[in-house]
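**Q** Let me begin by handing over the structure; questions about it come next.
The values are calculated or read from the model by the stated rules, or taken from the named source; none is laboratory data. For clarity, every value in this text was computed on a predicted model and none was experimentally measured. Methodologically, a virtual Cβ is constructed for each residue, glycine included, from the backbone with ideal geometry; neighbour enumeration extends over all protein chains shown. Quick note on the areas: whole protein, heavy atoms, side chains included, nothing else; ligands and nucleic acids left out. Shrake-Rupley method; radii C 1.70, N 1.55, O 1.52, S 1.80 Å.
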Amino acid sequence: MSWRALARRYPVLAIRDFRILLVDRLLAPFSNGFSMVGVSFAVLNLTGSTADLSYVLAAQVAPMLVFTLVSGVFADRLRPQWVIIAGNVAVIAGEGAFGLLILTGHPALWTMICLEALNGVGAAMFYPASQALLPQIVPDALLPEGSSISRLAMNTGQMTGAAVAGLVVAALGPGWALTLCAIGMTGTIPLLLSLKGGPDSRLAARGAGMVTELREGWTEFRSHTWLWATVIQYCLVMMAFNGAFLVLGPVVARTHLGGAAAWGAITAADALGLVAGGLLSLRYTPRKPMLFVVGSGAAVALTPVALALVLPLPVICLTAFALGALIEVMMVQWTVQMATRIPSDKLARVSSYDALGSMAAMPLGALLAGPLAVAIGVSTTQFAAAAVIVVASALTLIPREIRTIHFDDVVRGDPPADASPVELAQAAPAPIGRADYPF
């Protein structure tokens, strides 16, 4: 298919800034894949302790409790890409230093904890700014298509990065994987600097204090039952998943499945599922998106159960692939619901509360996983985590909004659902500060 035909099929590809963003969203997740595999096996190789791995991964998530909210305020005030650049610099410093220390010596546990906390600062700054950036580049009517393609690029990068990282760790060691992560993230900075989209200077200079802006975001957040109820669900889901899969998964892989290459295969299968889900989301829209989001959260229990049963590696990879596809369709729906139901000038702050709430208990999950695995066993801990995920998801079905929101609900004066993509693009108002795009 020629480029012109592809742009006619997917009009969002005609937007210059969106094409640049796609390259960034290939490179950054590819680089992050090296971190996902490298950090876990760096700690396990150096200390051999599941508890130490818990502490390091908890430090990676803990900064989100503070910096996510700060990122949301600044992403609403400034160009979101500037906030993402600041976060990427933190990742470069943290993972680059970690990799060099492993290659040249034997870093202490406290050093690894501090460096992963710095990496966590970068991750915390990314999500709210990323959520705010896409609607400023893409017209509202093209957001479902833009979100699907953008996330498809991210997941393709993560899948490739995780697969290559597993081979690098197995062949050369985790130090090289972390160093390559930092090198790759450095390449994202000129891409983000070249983006023209961003908020109007009048918004950036409005002068409201940070506390006032956070209060405005909180008021908007709590006014949507579908939003805060789902965030509470995913707070518990991500707590359990972080401990059972991200902390104890590498332990199961190292003990029973063959080590770093096996864990790289599992994470690559998950990322491949995300890619498949991105392709599916271009064709499929659930009739009740919030019901789909909640149900997808319940399905997260599948991977901890597969690991707890120590199923054959191909079966675990297939499970990770299927769950990845489901979660990706869910994330596209979530992104669209947020972008179309939340006022654009509050989206980054509301997204920061979304990220904070969803990830608030992840450090607790990481901290509990190691000691619990020592006390009651790895498999029992993973089964318990799966039970938490299912119960939390079932309770989230209680609010009526979760069960009644439809995909074709008209929000913020959107054009009719049967309009063509070109008509949608022409009818949609340009977000504040979005650069003109050439056709």
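**Q** Across segment 55-73, what is the number of residues that are at pLDDT below 75 and open to solvent by 60 Å² or more (accessible area, probe 1.4 Å)?
**A** Qualifying residue count, segment 55-73: 2.
**Q** Sort out which residues of segment 178-197 are assigned to a helix (DSSP H, G or I) and of a type in the set (A, V, I, L, M), and write them in order of number.
**A** The answer is LEU178, LEU180, ALA182, ILE183, MET185, ILE189, LEU191, LEU192, LEU193.
**Q** Give the number of residues within segment 28-54 that are within 24 Å of CYS235 (Cα to Cα) and crowded, with 21+ Cβ neighbours inside 10 Å.
**A** The initial filter retains those residues of segment 28-54 that are within 24 Å of CYS235 (Cα to Cα), namely 29, 32-33, 35-37, 39-40, 50-54.
Then drop every residue that is not crowded, with 21+ Cβ neighbours inside 10 Å, which leaves 29, 32-33, 35-37, 39-40, 50, 53-54.
The qualifying residues number 11.
**Q** Okay, next question. For segment 344-421, which fully contained helices (runs of 4 or more DSSP H) count at least 3 residues that are at pLDDT 85 or above and of a type outside the set (Asp, Glu)? Even if it seems obvious, please write down each step before you answer.
**A** Working: elements: 347-359, 362-376, 378-395, 400-404.
Qualifying helices (runs of 4 or more DSSP H): 362-376, 378-395.
**Q** Scan (1) out of contact with any His (no Cβ under 9 Å at 6 or more places or on another chain); (2) under 26 Å from VAL12 (Cα atoms); (3) not basic (Lys, Arg) for the single condition VAL350 breaks and write down its number.
**A** So VAL350 meets the others, but not (1).
**Q** Can you name every one of the helices (runs of 4 or more DSSP H) wholly within segment 201-304 that holds 1 or more residues which are at pLDDT 80 or above? I'd like the intermediate steps shown before the answer.
**A** Working: elements: 201-204, 210-222, 225-241, 248-252, 260-281, 289-299.
Correct list: 210-222, 225-241, 248-252, 260-281, 289-299.
**Q** Can you tell me which residue within segment 257-303, out of those that are open to solvent by 50 Å² or more (accessible area, probe 1.4 Å) and hydroxyl-bearing (Ser, Thr, Tyr), is farthest from ARG400 (Cα to Cα)?
**A** Checking each candidate, the answer is TYR284.
**Q** For segment 61-118, give me the residue count where each residue is over 23 Å from GLY33 (Cα atoms) and of a type in the set (Asp, Glu).
**A** Total meeting the criteria: 1.
**Q** Sticking with this structure for a sec: Taking segment 314-340 as the region of interest, how many residues are over 30 Å from GLU220 (Cα atoms) and either hydroxyl-bearing (Ser, Thr, Tyr) or free of Cβ contacts under 8 Å to residues at least 12 places away in the same chain (or both)?
**A** Within segment 314-340, residues that are over 30 Å from GLU220 (Cα atoms) and either hydroxyl-bearing (Ser, Thr, Tyr) or free of Cβ contacts under 8 Å to residues at least 12 places away in the same chain (or both) number 3.
**Q** In segment 102-120, which residue that is in contact (Cβ under 8 Å) with a residue 60 or more places away in the chain and buried (at least 18 other Cβ atoms within 10 Å of the Cβ) is farthest from ALA361 (Cα to Cα)?
**A** For segment 102-120, the residue satisfying everything is ILE102.
**Q** All but one of (1) in contact (Cβ under 8 Å) with a residue 40 or more places away in the chain; (2) buried (at least 23 other Cβ atoms within 10 Å of the Cβ) hold for ALA306; which doesn't?
**A** Every listed condition holds for ALA306 apart from (1).
**Q** Condition check: closer than 30 Å to LEU133 by Cβ and open to solvent by less than 10 Å² (accessible area, probe 1.4 Å). Does ILE402 satisfy that?
**A** Spelling it out, ILE402 is indeed closer than 30 Å to LEU133 by Cβ and open to solvent by less than 10 Å² (accessible area, probe 1.4 Å).
**Q** Would segment 11-27 turn up any residue that is in contact (Cβ under 8 Å) with a residue 12 or more places away in the chain, under 23 Å from ALA162 (Cβ atoms) and surrounded by fewer than 17 Cβ atoms within 10 Å (Cβ to Cβ)?
**A** yes
**Q** Something else now. Test VAL336 against the criterion of being hydrophobic (A, V, I, L, M, F, W, C), over 24 Å from VAL388 (Cα atoms) and open to solvent by 10 Å² or more (accessible area, probe 1.4 Å), and give yes or no.
**A** yes
**Q** Just give me the residues in segment 233-256 being out of contact with any Gly (no Cβ under 7 Å at 6 or more places or on another chain) and open to solvent by less than 30 Å² (accessible area, probe 1.4 Å), in sequence order.
**A** ALA244, PHE245, LEU248, GLY249, PRO250, VAL251, VAL252
**Q** Go through segment 37-60 and report how many residues are of a type in the set (A, V, I, L, M) and farther than 15 Å from LEU248 by Cβ.
**A** So the answer is 4.
**Q** Condition first: part of a loop (DSSP other than H, G, I, E, B), at pLDDT below 80 and surrounded by 24 or more Cβ atoms within 10 Å (Cβ to Cβ). Can you find one or more residues in segment 160-177 that meet it? Full working, then the answer.
**A** Within segment 160-177, the first condition is being part of a loop (DSSP other than H, G, I, E, B), and the residues that meet it are 173.
Now restrict to residues that are at pLDDT below 80: none.
No - not one qualifying residue is present in segment 160-177.
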